[in-house]
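Colleague: Quick one: this structure, given as structure tokens, is what I'll be asking you about.
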Amino acid sequence: MEALRMNQFYTTHEAARVLGVSLPTVVNWIKARRLKAHRTPGGHRRIAREDLAGFMLRQGIPLPPELSGAVADRRKALVIGELGPVREGLARQLAAAGWDVEQASPGFAAGAAAARYQPDAVVVSAGEDGAADVVADVRADRELAEARLVAICHAGLAEQLATAGCDAVLARPLASGALAERLAALFGPAPASPAAARRARRQ
């Protein structure tokens, strides 16, 4: 592992291990230009450490310890909700806005993630059943005492969840960029990604 840190590049096999996917999946992402890779003189693909870390953040994939420090420090958001496209979509929106994002299901998994991850913000994707209970669980969790809490819910639940202790409640359907804007209002803008910072310097 130390050699990887020194070389700063991953093979496609090593990247697949870090990402927890198959080698063909990594190759397909590279071919689709979703994951940046370089070619060695011998024609082999190599992925820069910061490019791999940036890709994982954009996809809402938690960074392993070996990629710690590969990108600029970011505020951390824990997205709590049932596994599926809604939760994953919220995670992608936050990652694209410069947040380090982790996802968890309600209940024990969320508590365990909070203790390990120590997020700055918690985003709850609230369904009709038990939404207030999920919010109450977050507010009762000592690990999350300092975290800002934002709930995404149907309009009819907004008042109930605000009373339950949310710092902000956003109604579905969620407008593009609304979640990142509300968090920016609570915290100030999240730190920019290295790529965004480079683009800003060029302008």
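Values quoted throughout were computed directly from the atomic coordinates according to the rules given, and no laboratory measurement underlies them. Since we're looking at a predicted model, the values are computed, not measured. All Cβ positions, even for glycine, are placed from backbone atoms using ideal geometry, and neighbour counts span all protein chains on display.
Colleague: Classify the chain from the C-alpha gyration tensor, please: rounded if a/c falls under 1.5, else prolate or oblate depending on whether a/b exceeds b/c.
Modeller: prolate
Colleague: Here's another thing I want to ask about it. Of 93, 105, 185, which is farthest towards the positive pole of the chain's charge dipole, taken about the Cα centre with +1 and -1 on the beta-carbons of Lys, Arg and Asp, Glu respectively?
Modeller: Farthest towards the positive end: 93.
Colleague: Could you work out how much longer the chain between residue 133 and residue 105 gets when fully extended? Use 0.36 nm per residue separation minus the Cα distance between them, nm to one decimal.
Modeller: 8.7 nm
Colleague: A further question on this structure: Can you compute the FRET efficiency between residue 38 and residue 171 using 1/(1 + (r/R0)^6), with r the Cβ-Cβ distance and R0 = 41 Å? Round to the nearest 0.05.
Modeller: 0.35
Colleague: Can you classify the stretch 27-71 as rounded, prolate or oblate using the Cα gyration tensor, where a ≥ b ≥ c are the square roots of its eigenvalues, rounded means a/c under 1.5, and otherwise it's prolate if a/b beats b/c and oblate if not?
Modeller: Oblate is the answer for the stretch 27-71, as a/c is 1.5 or above yet b/c matches or exceeds a/b.
Colleague: Turning to a different aspect of this structure: Could you give the size of the charge dipole of the chain about its Cα centre, using +1 on the Cβ of each K and R and -1 on the Cβ of each D and E, expressed in debye and rounded to the nearest 20?
Modeller: Its charge dipole is roughly 1460 debye.
Colleague: Calculate for the chain the 222 nm mean residue ellipticity that helices alone would give, adding -39,500 (n - 2.57) per DSSP H run of length 4 or more and normalising by residue count, nearest 500 deg cm²/dmol.
Modeller: -12500 deg cm²/dmol
Colleague: Under the 0.36 nm per residue contour assumption, what length would be gained going from the current alpha-carbon distance of residue 116 and residue 155 to full extension?
Modeller: Taking residue 116 through residue 155 to full extension adds about 10.8 nm, to one decimal.
Colleague: Between 141, 100, 51, find the one with the highest GNM mean-square fluctuation for the chain; connect C-alpha pairs within less than 10 Å.
Modeller: 141
Colleague: Could you tell me the relative contact order of the chain? Use alpha-carbon pairs under 8 Å, at least six residues apart, and round to a whole percent.
Modeller: Working: 301 pairs, mean separation 31.7, N = 203.
After rounding, I find 16 percent.
Colleague: Looking at the stretch 99-148, which GluC sites (Glu not before Pro) are in a loop (DSSP not H, G, I, E or B) and have at most 14 other Cβ atoms within 10 Å?
Modeller: 128, 146
Colleague: First measure r as the distance between the Cβ atoms of residue 21 and residue 162, then evaluate 1/(1 + (r/R0)^6) with R0 = 35 Å and state the FRET efficiency to the nearest 0.05.
Modeller: The value I calculate is 0.35.
Colleague: Still on this structure: What is the stretch 6-88's relative contact order, in percent, from Cα pairs under 8 angstrom and six or more apart in sequence?
Modeller: Relative CO of the stretch 6-88 lands at 24 percent.
Colleague: If a/c stays under 1.5 just call it rounded; otherwise compare a/b with b/c (prolate if a/b is bigger, oblate if not). Do that for the stretch 121-189, with a ≥ b ≥ c from the square roots of the Cα gyration tensor eigenvalues.
Modeller: Note, shape of the stretch 121-189 comes out oblate.
Colleague: Right, something else. Helix 178-187 sits at what angle to the longest principal axis of the chain, using alpha carbons and giving 0 to 90 degrees rounded to 10?
Modeller: Once rounded, one gets 80 degrees.
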